[in-house]
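Comments concern the structure below.
Bear in mind these aren't lab numbers, they're just calculated from the coordinates by the rules spelled out. All values reported here derive from a predicted model rather than from experimental measurement. FYI the Cβ positions are ideal-geometry reconstructions off the backbone, even for glycines, and counts take in every protein chain you see.
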Amino acid sequence: TDAYLTRIEKAKALNAYVTVTADKARDMAKASDAKLAKGEGGPIEGVPLGIKDLFCTEDVLTTAGSHILDGFKPRYESTVTSQLWRDGGVMLGKLNMDEFAMGSSNETSFYGNVVNPWRREDGGNTDLTPGGSSGGSSASVAARLCAAATATDTGGSIRQPASLTNTVGVKPTYGRVSRWGVVAFASSLDQAGPIAQDVRDAAIMLKSMAGHDPKDSTSVDRPVPDYEAVLGQSLKGLKIGVPKEYRVDGMPDEIEKLWAQGIEWMKDAGCEIVDISLPMTKYALPVYYIVAPAEASSNLARYDGVKYGLRAKEYTDITSMYEETRAEGFGDEVKRRILIGTYVLSAGYYDAYYLRAQKVRKRIFDEFTDAFSKVDLILTPSAPSAAFGLGEKTNDPVQMYLNDVFTVTANLAGLPGASVPAGYDRQGLPLGLQLLAKPFDEETMFKGLFALE
Ligand code: GLN
């Protein structure tokens, strides 16, 4: 814990942490030491962890990367973090992230962008994004500023940052991990999971994070398997689907090559490769960017200057207090999402946008169900590019949204998906491959990730 705290101090320029809870970390580490000395302790006893600042932590500032949550110290602990502390985890602090988890580059954070510890070999001094929205989580794991981190994924925010930083990111099946005490972005898509240094660590982390929680009615009452136990098991006979629609225009040939390489590795492991077609894929991004903002506009209605954090200093009546607080407290991307969300939900547009998007979402789900009647796993690239330069896409939201093209489908269908480091581009930047699995079949996914690692 001391070693990590020292590294965090030295790596301040990466801006990975919003809050460092050094005293708490040392106290927790001491308690772990005492347990370990007695031969006791949980499965992650004494392991120093970073927590995405979207998880409520009792008495510890929780910002969601937003100005509007200024000074918000929850009176309660999220289920995920309680389970991590139950199992012996040590909290190093809270990790930077895009505001309310909206973004793919960590540049929408009120607390400033995070810097990817990876750099282009000949890129001079260009600082790169660690991905988003879990950019603090990916950068801190990659730079060894924590042993592992929690993250959340609404449209790719665990897998894309993992891909851009050479780390492992696992988004479990919707319902596998409790959302209780996690600041809501889009409730039907949000799911928490780990970002870790390798597949084994991710398996251990997920076991601690997962499980039924009566406080989240969408969490599912199923036993949590021992994900670590399946690592190294044979993949012989598994069918791996390769969807042709994930070959998108303008994808660098290095990513094509990496994908082909991944297919070869799976063959070598004894898998059968099956070409599949998921024609609804082209609608996934438009559907996501209707459903996610719609739910966000509703979830974000609670930030009114009364219940949490910031309240504008100057206002005339209660309506102007709401308006001034929200005008001051939300950043541009969050405002853009609220505008899109309220528009697609408004009378007259609801049927044309929101309802239609829900219908297409159902068809995307059906298409995956059909594909998974023929294959055990689906293999794709995790992201259409390696880490890009900070500021490169901030003026063009659509360019930024296109980065989620391979990841949003899993959220729309509720499927488990994960990114594993698989190679490097010409600049020496890491690239990830993604595996998607059947609902609640994270075990097969972990087996596959271990083979690709
Ligand atoms: N980049 C996507 C968005 O901005 C996904 C974010 C996420 O998964 N939290 O909505």
Legend entry - Kirkwood Rh and Cα Rg combined as Rg/Rh, segment 337-441: 1.05
Legend entry - Taking SER297, SER163 and counting other C-beta atoms within 10 Å, the order from fewest to most: SER297, SER163
Inset, instruction - Only Lys, Arg, Asp and Glu count, each charged at its Cβ (+1, +1, -1, -1), so figure out the dipole size of the chain about its Cα centre, rounded to 20 debye. - result: 440 debye
Inset, instruction - Please tell me the relative contact order of the chain in percent, rounded to the nearest whole number, where contacts are Cα pairs under 8 Å and at least six residues apart. - result: 18 percent
Legend entry - Over segment 87-208, equivalent-ellipsoid semi-axes from the Cα gyration tensor in Å: 22, 17, 12
Legend entry - Set of aspartates and glutamates near LYS30 by C-alpha distance (under 14 Å), chain-local residues within fewer than 8 positions excluded: ASP2, GLU40, GLU45
Legend entry - Distance in nm between pseudo-label sites at ARG75 and GLU245 (7 Å out along the Cβ direction from Cα): 4.8 nm
Legend entry - Listed pairs LYS52/LYS438; LYS73/LYS359; LYS215/LYS374; LYS10/LYS447 exceeding 30 Å between Cα atoms: LYS73/LYS359; LYS215/LYS374; LYS10/LYS447
Inset, instruction - Mind checking segment 313-418 for chymotrypsin sites (Phe, Trp or Tyr not before Pro) that DSSP puts in a loop (not H, G, I, E or B) and that have at most 16 other Cβ atoms within 10 Å? - result: TYR315, TYR349, TYR350
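Mean separation of Cα pairs under 8 Å and 6+ residues apart, divided by the residue count of segment 22-175: what relative contact order is that in percent? Don't jump to the answer; show the numbers that get you there.
Values: 333 pairs, mean separation 32.3, N = 154.
Computed over segment 22-175, the figure is 21 percent.
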Inset, instruction - Just the number, please: percent antiparallel of the DSSP beta bridges in segment 168-287, rounded to the nearest 5. - result: 40 percent
Inset, instruction - Just need log10 I(q)/I(0) for the chain at q = 0.07, 0.09, 0.10 Å⁻¹, Debye formula, equal scatterers on the alpha-carbon atoms, no solvent, rounded to two decimals. - result: -0.32, -0.53, -0.66
Legend entry - Longest exposed-site-free window of the chain, the sites being trypsin sites (Lys or Arg not before Pro) in a DSSP loop that have at most 14 other C-beta atoms within 10 Å: 145-214
Inset, instruction - At 7 Å along the Cα-to-beta-carbon direction for both THR369 and LYS313, put a label point, then send me their distance in nm to one decimal. - result: 5.6 nm
Inset, instruction - Rounded, prolate or oblate: pick one for segment 2-230, where a ≥ b ≥ c are the square roots of the eigenvalues of its C-alpha gyration tensor, a/c under 1.5 means rounded, and failing that, prolate if a/b is larger than b/c, else oblate. - result: rounded
Inset, instruction - Give the Debye-formula value of log10 I(q)/I(0) at each listed q (0.15 Å⁻¹), with one equal scatterer per alpha carbon of segment 172-331, two decimals each. - result: -1.13
Legend entry - segment 292-338: GluC sites (Glu not before Pro) falling in loop per DSSP and having at most 11 other Cβ within 10 Å: GLU314
